[in-house]
Amino acid sequence: MLRLQGPLPERYTKASAGELAGWIGAAKAALGRRVLVLGHHYQRDEVMAWADARGDSFGLSRTAADTRDAEFIVFCGVHFMAESADILTADHQQVFLPDLNAGCSMADMADLDEVEEAWSQLGAVTDLGRLIPITYMNSSAALKAFVGTHGGAVCTSSNARAVLAWALGPAEDGGAGGHQVLFFPDQHLGRNTGYDLGYGPDDMVVWNPRLAMGGLDEGRVKAATLLLWKGHCSVHQRFTPEHVATFRAEHPGGIVLVHPECAHEVVELADEVGSTDAIIRAVAAAPSGATVGIATEIHLVKRLADEHPDKQVVCLDPLVCPCSTMFRIDAPHLAWVLEGLVAGEVRNRITVEQETAAGALVALERMLAIT
Ligand code: 13P
Ligand code: SF4
């Protein structure tokens, strides 16, 4: 989705790294506890250096929900994360995204019209009362609202298992009592979690929103437990089983850690699969001298390599795979937003319209209650 981020004034684009660091530090000091800077693990070091809290998308949404004293929350991450923070924070709190073009190509692979269309097509062949919509955190607030108003929940890479188990669990055990789940927008997280829960290939089908009835026949739709939206992350889909094989050949005894947005053929070869936070914990837990190959965004992999000089931490893809939208947040944009706050100027505030926010809050709170 195109958002309009105008060019920054020359004061910021021409500044040296030292000047920018000085301005960011001064603005943060002037704002004190009024501002909270949140940094997702994929952010550049020049941005992460200023984060008051670092986290995966689940941890940051919890921090946003739990921090009531900060008036301004500057979210160094991508648009859907800032939207979720706005929904989870109180009315007196304002959320800012330093570059409005920091979106997520995966989140853009499902929009409300497409999901509503899919829902209505599914309604013709299956019982919508037993179909639970689950959206990955990486989705617009509008989709979270759809899910909230149709009995479903949000999930992240760190709690997808618990959320899917809830969706398909019997109502008497506190589950949603679903027989089927429509999972969007990431087919890989859905599939990997489905396998993790014991479902097989015949229980899962891919719903292609570009084709009538998702490209499926009625029998397949009715028989499937998990209907997986045909979306993916362009960063994580780069990793292949060959990357793992090459790493294992070069580093016998090496440890392979992968993010669940990777394809299942990669995930099944890994030693551990988990969110960015889980990957960080697994590197910390690896013995000194270990070699660790990671399938996730390069800024996190590089930071882990720097933070663990006693271990060899490498990216499984030798051709480096940055998330181009996370990369949009840089020191100039952070300085520009923070200096705006000091001057009383609102720059890049993210707001979710009230009705959408109310529906999305239901889906986010269900997730927080489940996990
Ligand atoms: P995490 O929830 O693991 O931080 O992942 C977010 C994301 O966008 C991964 O690509
Ligand atoms: Fe989106 Fe992939 Fe970037 Fe995560 S890494 S923000 S899923 S494009």
In square angstrom, what is the accessible area per residue of the chain with a 1.4 angstrom probe? 40
Expressed to one decimal in nm², the mean projection of the alpha carbon convex hull of segment 81-165 is 6.8
Heavy-atom accessible area of K230 with all protein chains present, probe 1.4 Å, nearest 10 Å²? 100
Gap in Å between the Cα centre of segment 264-294 and the Cα centre of segment 134-157? 27
For the chain, max minus min Cα coordinate along each principal axis, in Å, sorted largest first? 63, 54, 37
Of all beta bridges DSSP finds with both residues in segment 1-100, what is the antiparallel percent, to the nearest 5? 0
Euclidean distance between Cα centres, segment 1-55 to segment 171-224, Å: 40
Note on the chain: contact order normalised by length, alpha-carbon pairs under 8 Å, 6 or more apart, percent, works out to 22
Accessible area of the chain belonging to carbon and sulfur atoms, whole % at 1.4 Å probe: 52
GluC sites (Glu not before Pro) within segment 265-312: which are DSSP loop residues with at most 15 other Cβ atoms inside 10 Å? E268
Pull up the cross-link candidates among the lysines for K311, meaning alpha carbon to alpha carbon under 25 Å and not fewer than 8 places away within one chain. K302
222 nm [θ] for the chain, helices only, -39500 (n - 2.57) per DSSP H run of 4+, per residue, to 500? -12000 deg cm²/dmol
Taking the Cα-to-Cβ direction at H264 and at D306 and moving 7 Å from each Cα, how far apart do the two end points lie in nm? 3.8
When only DSSP loop residues count, what trypsin sites (Lys or Arg not before Pro) in segment 8-52 have their Cβ near at most 13 other Cβ atoms within 10 Å? K14
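The values are calculated or read from the model by the stated rules, or taken from the named source; none is laboratory data. Since the structure is predicted, the reported quantities are computational estimates derived from the model, not experimental observations. Backbone-built Cβ (ideal geometry, glycine too); neighbour counts: all protein chains shown. Remember, those area values only see protein heavy atoms, side chains included, never the ligands or the DNA or RNA. Shrake-Rupley method; radii C 1.70, N 1.55, O 1.52, S 1.80 Å.
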